[in-house]
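Notes to accompany the following structure.
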There are 2 protein chains.
Amino acid sequence: IQYDAGDYDVIVVGAGHAGSEAALASARMGNKTMLITINVDMVAFMPCNPSLGGPAKGTVVREIDALGGEMGRNIDKTYIQMRMLNTGKGPAVRALRAQADKHAYHRAMKQTIEEQPNLTLRQGIVDSLIVEDGVCKGIVTYTGAKYSAKSVVVCAGTAARGRIIIGELRYSSGPNNSQPALKLSKNLEDLGFDLKRFKTGTPPRVNGRTIDFSETEEQPGDPEVNHFSYETPDEDYIPVKDQLSCWLTYTNETTHQIIRDNLDRAPMFTGVIEGVGPRYCPSIEDKIVRFADKNRHQVFLEPEGRDTNEYYCDSLSTSLPEEVQQKMLHSVEGLHHAEMMRPGYAIEYDVVAPYQLKPTFETKLVKNLYTAGQTNGTSGYEEAAGQGLYAGINAALRAQGKDQFTLKRDEAYIGVLADDLVTKGTNEPYRLLTSRAEYRLLLRNDNADFRLTEKGHDLGLISDERYNKFLDKKKAVMDELARLAKIRIKPSDEVNEFVEEHGDKPLKDGILASIFLRRPYVNYQTLLQFIEPAPKPLGRRVIEQVEIRTKYAGYIKKAEQNVARMKKMEAKKIPEDIDYEAIDSLATEARQKLEKIRPQTVAQASRISGVNPSDVAILGVYIQQGHIAKINSEDK
Amino acid sequence: IQYDAGDYDVIVVGAGHAGSEAALASARMGNKTMLITINVDMVAFMPCNPSLGGPAKGTVVREIDALGGEMGRNIDKTYIQMRMLNTGKGPAVRALRAQADKHAYHRAMKQTIEEQPNLTLRQGIVDSLIVEDGVCKGIVTYTGAKYSAKSVVVCAGTAARGRIIIGELRYSSGPNNSQPALKLSKNLEDLGFDLKRFKTGTPPRVNGRTIDFSETEEQPGDPEVNHFSYETPDEDYIPVKDQLSCWLTYTNETTHQIIRDNLDRAPMFTGVIEGVGPRYCPSIEDKIVRFADKNRHQVFLEPEGRDTNEYYCDSLSTSLPEEVQQKMLHSVEGLHHAEMMRPGYAIEYDVVAPYQLKPTFETKLVKNLYTAGQTNGTSGYEEAAGQGLYAGINAALRAQGKDQFTLKRDEAYIGVLADDLVTKGTNEPYRLLTSRAEYRLLLRNDNADFRLTEKGHDLGLISDERYNKFLDKKKAVMDELARLAKIRIKPSDEVNEFVEEHGDKPLKDGILASIFLRRPYVNYQTLLQFIEPAPKPLGRRVIEQVEIRTKYAGYIKKAEQNVARMKKMEAKKIPEDIDYEAIDSLATEARQKLEKIRPQTVAQASRISGVNPSDVAILGVYIQQGHIAKINSEDK
Ligand SMILES: Cc1cc2nc3c(=O)[nH]c(=O)nc-3n(C[C@H](O)[C@H](O)[C@H](O)COP(=O)(O)OP(=O)(O)OC[C@H]3O[C@@H](n4cnc5c(N)ncnc54)[C@H](O)[C@@H]3O)c2cc1C
Ligand SMILES: Cc1cc2nc3c(=O)[nH]c(=O)nc-3n(C[C@H](O)[C@H](O)[C@H](O)COP(=O)(O)OP(=O)(O)OC[C@H]3O[C@@H](n4cnc5c(N)ncnc54)[C@H](O)[C@@H]3O)c2cc1C
């Protein structure tokens, strides 16, 4: 028995990491929004590693924050350890990483959602979408509730026809033994969507009371203050002594032998699992097989929260039988007597193959329907949250009849992710890596605010107050860069002593402060020994920008030139109604791929695998010759 | 594929309120114990009201604490509001009640369990028991893990073949949409157990942001300090300003009309639900029908925790369709615009009819197998925890080859509960009420320590330190009672002025302090105006005892005389192998009932409904005449 249960502007299905961001963004942009999810006790739940950030992923969290999303603020409220990774390397790969109090993270996000005006959080299972004439008009739940909406975002995650596998055991289930969503997938198939089957896995958890930490290496947090959100004040940083440590141990030959002896009981090798697994978070059995010559693998033991003794055994993701998992654990230093509290497991789930999406994450098949997160074939909380924010913004704009929003590859990792998905598709759970970004020196952890705060403000997701603070910071950085480019340091005894101390030749002529700062052994503080300080004292985040922008100026400039070249190609829009059959000279593979993906710009076309430079040239000429009617502006 | 996964002394199945107590008690008594449960994120979870205590139930929590159980300590760590109910009434019905931070309660209990030496907490589903020659030897889980044990306690709660019902919607599920246990019930049936189908329900939850509290009445916590555990220091009490309030509102004629209009969609009226529901926590539809003349019912809006906006709508337990629930809510003052976050639902589940249990909660059918909690046909967290502790103690004693432990009806509400269950059975979810206890003036909230600390100490569950503290308190109480019984208050002007102020006649002769204290307008503090203080200053808990024991001395004495009479009957043991067929003069009904329940004492026999005083007399004579072989001491 169905009944009319209410009207919303935007409905978001699934309150995982993607859905939480989507719903918050939509509500904050002024839309009456509903977030409906199978169990409100699982809002923004982390079924796998209790941590956020790291290379590329950490930068995504910063980007989400700069656009006005929630993940950064939420982890800053609930982390138990904070570390900046790769501090010895260049700024492009520096990455913030936080250990989360898993349940506190969930609770904080849930409460933020509960308190958000315009937003209704509701428990329920969406069984189907209401689609009329190719346009999504709402949803229907398992209790027969029909909700109408101007746009809908589906973020179903691993619950979509989820199936858990532990050795020979298999059962229908969402993550962490939650209820799966069984009917929505069928409905999507009926609507004509091409669904794929992916899988992912999680390691066992052990009781910390039974770990011998003396056999492991301690990995404490950082004394240096860092947060994910640009809003979190430095004073809020948790002193290292109050942070929790992680602990490093290793697998060994015994572990590997145990696994090899049981490969015939490993579901992925026996073919029980049809889903495709993540290449970049492989199971331990996968690693043992693929890297047969490695005689050990790192295992980080990570606390799951402040009020639990559960430890996550990073890198031991597995779907081997429970019995084998237990043996495997006991073979590892520090874990010889460890009690396994929960076995690891693999989960198989449905994915909407992302070639079916526009660059806005609207589906090509059904107007006003968006998908985001694990549903789009990715893996990872940050990837999900970034997509959720992105899709939520577009669903919100659509509900308001406004132009859509996209991020380019040079603007954000989120842009790289979106473009990769819709342009290249993915045959396995997609994970962000710094190597996926061609402009990684532009997409840094430190400058997400420079890249995105203005966009967030334009969208109504960043307050005027925060925006003005950002403008102040920007001005301070620009002013100081300009000042340093004018101050000349004279070759005084003082300078030359310092220079020689660092094995460099003494200055003969004066040198511009901005040039001097590029030297590896000079930082902003040492510079101040030789020049006047700025008229107003500079904050450490301003100094950080001044240093990075000065030291890497050459590389950054080169990257920007590349971007400019690419921009020209991006400007070449491909008309929505282009008929690839009509372009004779295209290679067959290129034609097929172009037909499948239907890129929106020549630049996007050039990134499709199978579309060669010659095809791109032909396409460009064809469009320039005026074979185009007009550009559909709504979907730019 | 089954495999040997380990040996334990005691295995507890299900980490709800019963299982948590059972496992902790067993481990603390020195047994290697495993607690295995479907999802460790549900340990000691409260699927219904986020509160503990109240009449009878609150006293059970005190009893659990006095015996060395955990519930009292745990709620003292995690309450958000504390109130002593019925303070205007006699001490027999005074009852402490706490509002719990539901998730914090779970987390605190989980961590206590994780940290308990001897105790392994493990996620898994028990599919069957290992039973050989009528003796339980262990369990088998869904992953094929075989664990052996000397005794096993099953506390499966509402997950046992759980089925959720919301209007026309039904699906297999444990509480709060968790995984149900499907196979264990079947196994119990195969072993010959008689299972019954019960049901219970829970109300919808609403978002506090959408409640208009100005239309409701505030119910703040108590300024007066009280805790559940005898161990919690007074200093730990949360000041009222930091406690959270509950809010009182009422249903009205519109609400009732909405419900009446939809009774044809109420599963319990349409016969969809076969399970028997709780008489004392009826659904709102049930109340509207049963109390058709009442034009309103109280609805308490109770916060579910500190870090959530969810409110529990007490008294609106329902399995009506979601649509009707929403309408019903909106008809209530304060809830006109309330957003329902989760619908209420009913759940049906399996119960081991408790006539199949011995007074120790060991099953009659399978030796070394115990059952406790909702599985035994009760309802309520406190009832479950009390039983869990009781069964856990007995399973632990059995594993150690020691004599079993029981509590009598005059010793504890837990004793009343146990005796009611095994003697009378229950045809509906059994709930403790003060009216179930014939000696309620003995089973007070204030004196659980006097009744049970010694037993807890004997069992090894109360530390020497705590026991000695208790002995000190006891001595202080006894000394002061003795002192007051000797001090004579002279009829001074001062006393007589005071007495006359309270409308009483002036004293002519002296009066014993202990007699004077019985007067309603005299309390211990006023007494001190007229007599010397005790040689050592007395704590408030000592004074409380002195007052209650003095003021209610008459009633208490009478109750104790009744107990003494009953004790004689309790002493008349019925031999295990008695043949009721051989006692000709028994009435047929009595013979059948005695055969079914197989009581262990004549007193127990006398409490079986259908066994009349004449039957009891016949039975007594029969036993005294020496028709008995010997008493099996192990099962006393
Ligand atoms: C076992 C396991 C192991 C993992 N391992 C890794 C790993 O090693 N590395 C890694 O990067 N990532 C891993 N992940 C993935 C990570 O959990 C996800 O990437 C991330 O949670 C995705 O966020 P999401 O919002 O897309 O989906 P989810 O977090 O899954 O959230 C989806 C939500 O939608 C709800 N929902 C689904 N369908 C419906 C419906 N029809 N109606 C209403 N609500 C619905 C679900 O209940 C759920 O709450 C793992 C996940 C699991 C379960
Ligand atoms: C919807 C609902 C409404 C309720 N309403 C009320 C009410 O109004 N008043 C009231 O007094 N009480 C109510 N209750 C009852 C209250 O929740 C229970 O009385 C109390 O939780 C019982 O505790 P327990 O330990 O016996 O069982 P539970 O708390 O149910 O715990 C049982 C545990 O055992 C686990 N388990 C079950 N089978 C297996 C297995 N085979 N293997 C491993 N683990 C297993 C389960 O997962 C669960 O964690 C309600 C319960 C529910 C679900």
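Table for the structure above
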{"item": "The lone exception for B:Ile130 - which of (1) touching a residue at least 24 places away in the same chain (Cβ under 8 Å); (2) surrounded by fewer than 22 Cβ atoms within 10 Å (Cβ to Cβ); (3) more than 10 Å from chain A (Cβ to nearest Cβ) it fails", "result": "(1)"}
{"item": "Test for A:Tyr390: is it without any contact (Cβ under 8 Å) to a residue 40 or more places away in the chain, touching a Ser or Thr at 6+ places or on another chain (Cβ under 9 Å) and either open to solvent by less than 10 Å² (accessible area, probe 1.4 Å) or under 30 Å from A:Arg161 (Cα atoms) (or both)", "result": "yes"}
{"item": "Residue match in region A:342-353 (condition: touching a residue at least 12 places away in the same chain (Cβ under 8 Å), outside any strand (DSSP E or B) and within 14 Å of chain B (Cβ to nearest Cβ))", "result": "yes"}
{"item": "Residues of region A:212-245 satisfying the condition of being touching a Ser or Thr at 6+ places or on another chain (Cβ under 9 Å) and within 28 Å of A:His337 (Cα to Cα)", "result": "A:Phe213, A:Glu215, A:Thr216, A:Glu217, A:Glu218, A:Gln219, A:Pro220, A:Gly221"}
{"item": "Any hit, region B:34-51, residues being open to solvent by less than 20 Å² (accessible area, probe 1.4 Å), touching a residue at least 40 places away in the same chain (Cβ under 8 Å), more than 16 Å from ligand 2 (Cβ to nearest atom) and within 27 Å of B:Gly201 (Cα to Cα)", "result": "no"}
{"item": "Some residue of region A:210-226 being under 30 Å from A:Asp350 (Cα atoms) and not hydroxyl-bearing (Ser, Thr, Tyr)", "result": "no"}
{"item": "Every pair of residues 6+ apart whose Cβ atoms lie under 6 Å, when the first sits in region A:606-630 and is open to solvent by 50 Å² or more (accessible area, probe 1.4 Å) while the second is of a type in the set (A, V, I, L, M, F, W, C) and at pLDDT 85 or above", "result": "none"}
{"item": "In region B:337-381, residue nearest to B:Met268 (Cα to Cα) [restricted to those that are β-branched (Val, Ile, Thr) and within 11 Å of ligand 2 (Cβ to nearest atom)]", "result": "B:Ile347"}
{"item": "Tabulated pairs, region B:199-227, first within 14 Å of another protein chain (Cβ to nearest Cβ), second within 16 Å of ligand 1 (Cβ to nearest atom) and assigned to a strand (DSSP E or B), C-beta under 6 angstrom, 6+ apart or interchain", "result": "B:Pro204/B:Met340; B:Arg205/B:Met341; B:Arg205/B:Arg342; B:Val206/B:Met340; B:Asn207/B:Met341"}
{"item": "Residue satisfying condition, being open to solvent by 10 Å² or more (accessible area, probe 1.4 Å) and either over 28 Å from A:Val206 (Cβ atoms) or touching a strand residue (DSSP E or B) at 6+ places or on another chain (Cβ under 8 Å) (or both), within set B:Ala145, B:Ala181, B:Ala95, B:Ala100", "result": "B:Ala181"}
{"item": "Residue satisfying all of: in region A:420-434; out of contact with any strand residue (DSSP E or B) (no Cβ under 6 Å at 6 or more places or on another chain) and more than 16 Å from ligand 1 (Cβ to nearest atom); least open to solvent (accessible area, probe 1.4 Å) among these", "result": "A:Thr423"}
{"item": "Qualifying residue in region A:263-282 (condition: more than 12 Å from ligand 1 (Cβ to nearest atom), over 23 Å from the mean Cα position of the chain (by Cα) and among the polar types (S, T, N, Q))", "result": "yes"}
{"item": "B:Lys505 vs. criteria open to solvent by 100 Å² or more (accessible area, probe 1.4 Å) and at pLDDT 95 or above", "result": "no"}
{"item": "Unmet requirement for A:Lys186, which otherwise passes all of (1) away from chain B (no Cβ under 14 Å); (2) in contact (Cβ under 8 Å) with a residue 40 or more places away in the chain", "result": "(2)"}
{"item": "Strands (runs of 3 or more DSSP E) contained entirely in region B:225-341, each with at least 1 residues that are modelled with pLDDT of 95 or more and open to solvent by 40 Å² or more (accessible area, probe 1.4 Å)", "result": "B:246-250, B:298-303"}
{"item": "Residue match in region B:352-367 (condition: surrounded by 23 or more Cβ atoms within 10 Å (Cβ to Cβ), of a type in the set (Gly, Ala, Ser) and over 29 Å from B:Arg28 (Cα atoms))", "result": "no"}
{"item": "Residues satisfying the stated conditions in region B:566-612, i.e. in a loop (DSSP other than H, G, I, E, B) and under 25 Å from B:Arg436 (Cβ atoms)", "result": "B:Lys572, B:Ile574, B:Arg598, B:Pro599, B:Gln600, B:Arg607, B:Ile608, B:Ser609, B:Gly610, B:Val611, B:Asn612"}
{"item": "Subset of region B:517-554 (residues that are surrounded by fewer than 14 Cβ atoms within 10 Å (Cβ to Cβ) and not in a loop (DSSP other than H, G, I, E, B))", "result": "B:Gln525, B:Arg540, B:Gly554"}
{"item": "Conditions (1) in contact (Cβ under 8 Å) with a residue 12 or more places away in the chain; (2) within 16 Å of ligand 2 (Cβ to nearest atom); (3) of a type in the set (Phe, Trp, Tyr); number of the one not met by A:Phe193", "result": "(2)"}
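The values are calculated or read from the model by the stated rules, or taken from the named source; none is laboratory data. The model shown is predicted, which means the values in this text are computed figures rather than measured ones. Neighbour counts run over all protein chains shown; Cβ positions are idealised from the backbone, glycine included. Ligands, DNA and RNA are stripped out before the accessible areas are found, and what is left, the full protein with its side chains, is counted by its heavy atoms. Shrake-Rupley method; radii C 1.70, N 1.55, O 1.52, S 1.80 Å.
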